[in-house]
Each structure stands twice: as structure tokens, then as C-alpha cells.
């Protein structure tokens, strides 16, 4: 008998990294271990008031080793010897400045505590000004390098961040030989080839975040970049021309990392990708099925056969890239800059009085104080949801706009702000919470409506991620607002599972991603259906949401 083979899917999220070991024959999730980033957990190198969110590469490296070693310990005897592939997904765009060896500057002398020398997390919005400059120049340049990015460039993306860091930190600018995305760096580390000119770059990160396209012979021209800022002159030549899809191997596990992890040097490492893209694969995406990764933010994925899309360009999304999700198909991405983050923000607002008052109280001990705060924080969203379910649609008169972290799509604009309107003396926390949930659903509907208006059909909706698994309130409201059934992927770790599927292809177990999906997919655990009377009520409320949003955008733009 042939021994069972296994792959490992590595999923780097905003707060933690997870390793998932999967049986490639059955899709059984053998073991899984997560690691919270210790420096990130302490809030180091971040300034939320300035929308600055940075992560130290040590968090990533420590998590890489810990999660794989521990997952292998939890797996049955003999699994480690039969791991054949590892693939990696990360947040994105999350780039870092590196030296000529591909080492992040924060791992080199003099830059250890410098946030500008660390990975710039996807939700870092310090580069709004630079994104505006890119858009302004692209409108008048002979080639619109944003046209495959939805026609609008975002501060969440590669070039805006690179330019911002270069401007605000001359030392980093001088020391940086190149820049590397998180999803490209981890596979490079595992194989031992981190040199910027030779490591393999992800098609989905390059195409959706860095304006890479075959029509441009790669990245935007040096002339465009130099016109944007002379500081960018020559940077293109120190980056890359070629990009690769997730079914391509980077190389094999280096001897050093094989020793650290307890694996063989025969383990094949796949090209990295952005988490949501392979999350869609893990949730068994197929053409015209919208895959929604629902977590702190959302990523909405669609794949369409290239020949059916033709030369059509979709305005206002996060890009359309050949092979960025499923190799051989056009991958399209949209999403919201904040989703679960909005619920977490509101919980934080409600928790503030308790945290401040209990800290000064002499009525409880330190142990009791911590226990009370943990209990309150842990139950807050659950209790709000219970009460919010009792409130009728439009009953409270409260209407919210979900732009607390700016707007990703449609038509990215990180200058926008959230809002809550219709407050009265009778407005309580559950009513505000319900309005926030409805706002996130309306933001999702705006994305769906854009695809439909641009002539791209949506046959069904697939949901995955923490919010999809945890909140029936959110899912039913979303279902009613979209007026379409929503299937929820069974896997608790669809992004890691999609990564494990890709690893099975690069290791040669399956010839295509589709065959890996068919053999390793977990299917769906439940399906939500629209409630007809709710659909009609929400359509009216959605129109009010659009009107309020248009007013806010107009007023902010006029300032």
C-alpha cells in the first residue's frame, strides 16, 4: 500500500498565523495550531489614531516554526515523514523593505525597532496622500496603469506604501534594495532563496496590488514611477518582471528549515498568495460563484473564464488578474475595508467605561477585575446580537455607514469616514449594533450591484471566515439584503485549506487545483435563504443608505 500523503497550509492572518495539516486523499484536517503574534498583541509599532499598522517579521518567523512543529506533534505518528508540500497565504498588500539579500530591514542592525522597516499591514492607511497622487497621475498618463485595478489605486496597496515609507524615512529609503510582499517572503525563507531578483513573486499580489500586467510588460514603467516621485527612479529594475500562479513550485524546503521543523528536504514549497484568494479555493469557488471571506474585513472573489470576459474592464474593484485565484481563469477581487472590525470597534466603545472605572475601583481585586472584563468582552457581541434580533427592520430609525476604515470597493476611497444617523433619546446599544450590522450588509450589496451593473453575473454566494461561522444574525441580514441564498463553507480554516490544496498541486499529487478541490474539499455546512418580506424592507433601507453615503462623500470631498 502507498502511504498516505499530507500537505501543510500556512495562513497568516491579521492577528495570528495558523498551520493546518491535511490528508491529500480525503481532505481530512488532521491537526491545526495557531500562534498569536506577541508583538502585535501588545500593540507595538502601531498607532491606530494615525492608521499605522506594522508587524515585525519576528512575529511571522516565530509563528512559522511554532505552529508547524506543534501541529506535527498533535498529528498521528508517521505524518511528518509523509508531508510532501507546503503553501502559504498571507494578508496583502503587506510589503516590507529588504536589503540585497532579501532580509527585512527590521532584522538588520539599526532598524530593529523602526516601524518603517517592518511589514506594512494591509489595513495601514498612512499612504492616502500617495494613493491620491498615483490616481491623479494615472488619469493623465499615456497608459492608465490602474485600469486592471478597477481604475482607482488604494492606500492599502504596494506602490502607495512603498512611496510613503520612502518619503517619511530617508534611512529606510537609502537602505532598501527592494521591497517584498509578505506572501512572497515566507516561501522564500522556507527555500533559502530570499534574494529579491530571484525569488518567485505571487501573481495575485502583483496583479491586484502592484499594477503588474502582461500588457505593461510587467510593472508600471520607470518613466511613470519617476514622474510620480524621483525617489522611485530605478526601483522597477530592482523588483521583478515575472509572476507565478499558486500551482507553481518555488523550490524545496531548505536543510536549515527542514531541521527546525522536523520535515524532509524533499517537501515542495509553493508560490504564495493572498489569503482570501486561496480561501476561495478552499471554499470550492467555481465560475460566477461569489466567494466572501468574512473576517475583520471582507474579500469578495469571483472567477470567470478568460474567453467569456474578453476585454471587459470592471470599474471600482480591486483588480482583475489572469490566474490570480484559479490558474487559467480571470480572478476578480472586491471587498470592504472593515466588517468584523466594526463590531469589534463598537465593543471597544462599550467596554471603555468598564475598563477605566474598574481599573480605579477598590471594590474588586485585580483577579476579579480581569475576570469581569474578560467575561464582558467575551459575551458583549453575543448579548448585543440576541437583543438586536428582537428589533424590527427600520423600527429604530438608526442608519449607519460602514466606512470606519475608509471604503475599499466599489471605488476605493480611504478618505471616507463612517457615520451613524437617526439617533434619539430612545436609541440603545442593541439598536446601534443592529444598524452597524445592516450597514456592513449594505456595503456588501453595493459590491454585488457593481458587478451586476458591469455585466458580470453572480450565480450564488459562498461565505467563509469567522463571521460566517459565528453569527446567524449577520448572515441572515446579509442574505436578506443581497436577496440571494448564501452557502457557508464547512471548513473552519478555508484559507489554510485552500493553501493545502495548492500545496498538493505543487507537490505533484494532483495535476490541477480543480482536482485538488474535488478530493480535498469539505463542502458546505448550511445555507441561508432570503425571507421575502425582509427583502422588500431592506431594499428601501438600502436606498436610504446610498443617499446618506452619497451625502457624506460629497461633503467630505468638498472639504
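The values are calculated or read from the model by the stated rules, or taken from the named source; none is laboratory data. Here the structure is a predicted model, which means the values were calculated and not measured. For neighbour counting, all protein chains shown are included, and Cβ atoms are generated from backbone atoms with ideal geometry for every residue, glycine included.
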Quick check on the range 452-467: of everything there that is modelled with pLDDT of 95 or more and within 20 Å of the chain's Cα centre (by Cα), which residue is farthest from residue 525 (Cα to Cα)? 461
In this structure, does residue 162 turn out to be assigned to a helix (DSSP H, G or I) and more than 25 Å from residue 405 (Cα to Cα)? no
Residues in the range 104-121 that are outside any helix (DSSP H, G or I) and in contact with a helix residue (DSSP H, G or I) (Cβ under 9 Å, 6 or more places away or on another chain): how many? 11
Would you mind telling me which numbered condition in (1) surrounded by 15 or more Cβ atoms within 10 Å (Cβ to Cβ); (2) out of contact with any strand residue (DSSP E or B) (no Cβ under 8 Å at 6 or more places or on another chain); (3) on the phi < 0 side of the Ramachandran plot residue 211 fails? (3)
When the residues of the range 507-516 are filtered to those that are assigned to a helix (DSSP H, G or I) and either outside the structural domain of residue 89 (by TED's automatic domain parsing) or surrounded by 23 or more Cβ atoms within 10 Å (Cβ to Cβ) (or both), which remaining residue is nearest to the chain's Cα centre (by Cα)? 513
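What strands (runs of 3 or more DSSP E) completely inside the range 397-479 contain at least 3 residues that are crowded, with 21+ Cβ neighbours inside 10 Å, in contact (Cβ under 8 Å) with a residue 40 or more places away in the chain and at positive phi?
Those strands (runs of 3 or more DSSP E) do not exist here; none qualify.
Got a sec? Which helices (runs of 4 or more DSSP H) wholly within the range 274-384 have at least 1 residues that are surrounded by fewer than 24 Cβ atoms within 10 Å (Cβ to Cβ), in contact (Cβ under 8 Å) with a residue 24 or more places away in the chain and over 15 Å from the mean Cα position of the chain (by Cα)?
Working: elements: 275-282, 306-309, 340-360.
It comes to 306-309, 340-360.
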Can you confirm whether the range 39-52 contains a residue that is buried (at least 19 other Cβ atoms within 10 Å of the Cβ), assigned to a helix (DSSP H, G or I), within 18 Å of the chain's Cα centre (by Cα) and assigned by TED's automatic domain parsing to the domain that holds residue 279? yes
Does any residue of the range 518-537 turn out to be crowded, with 21+ Cβ neighbours inside 10 Å, in a helix (DSSP H, G or I), at pLDDT 95 or above and touching a strand residue (DSSP E or B) at 6+ places or on another chain (Cβ under 9 Å)? yes
Just the residues that are more than 26 Å from the chain's Cα centre (by Cα) and not in a helix (DSSP H, G or I), please, taken from the range 199-234. 217, 221, 229, 233, 234
